[in-house]
Amino acid sequence: MNFNQQMIQEYGPDLYRFCLTLTKDRGRADDLYQDSFVLALTYDRDIDPEGFRSLLFRIAHRKWQDGRRKWARRNRIAPETSEDLLFSLVDQGPSLEDQVLEREKSKEVNRAILDLPDPMREVVLLFYMADYSLKEIAQSLDLPEGTVKSRLHYAKETLKENLKEYRHDQ
């Protein structure tokens, strides 16, 4: 197995989940996933696998941020229709293989994460899905480490509060 295949097999599923959670749309997640791998695989082959993983997630996050900025600029010029916006917000739930209860719990958690304000959601995704350290998140987002800690803390509190209703329904 060559380097490219090994990296795709090892990091592909995690990166795809990360892209899907960021974009909230399977089509855009597919594009972000592919673009991230293509760019990451053009880098020097001497990079170690752990360094490659970090590079891969950093590329995906930055490409997503760039895409959001482009969308905002375009939307100021020619706003999307409400139907386009509705389709972009459709929840992409877990796969069909999951049991019904797990699927519902996962949907609830995903919905709660997607409802977080962007700054909190970014930190949660980078910390829990991309396995970035607080220091790496601070460097990636160009923020003080204390700000990252604060956002993560408030995001967890918000998620806990928003998921209380779900736990009471069980």
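Quick note: the coordinates plus some simple rules give every number you see, no bench work behind them. Here the structure is a predicted model, which means the values were calculated and not measured. Neighbour counts are summed over all protein chains in view; Cβ atoms, including those assigned to glycine, are modelled from backbone coordinates with ideal geometry.
Peptide packing for 2-14, 51-63 was compared via the average number of neighbouring C-beta atoms within 10 Å per residue; ordered from the highest value, the list is 51-63, 2-14. Pairs with C-alpha atoms separated by more than 30 Å, drawn from the list K63/K135; K70/K160; K24/K164, are K70/K160.
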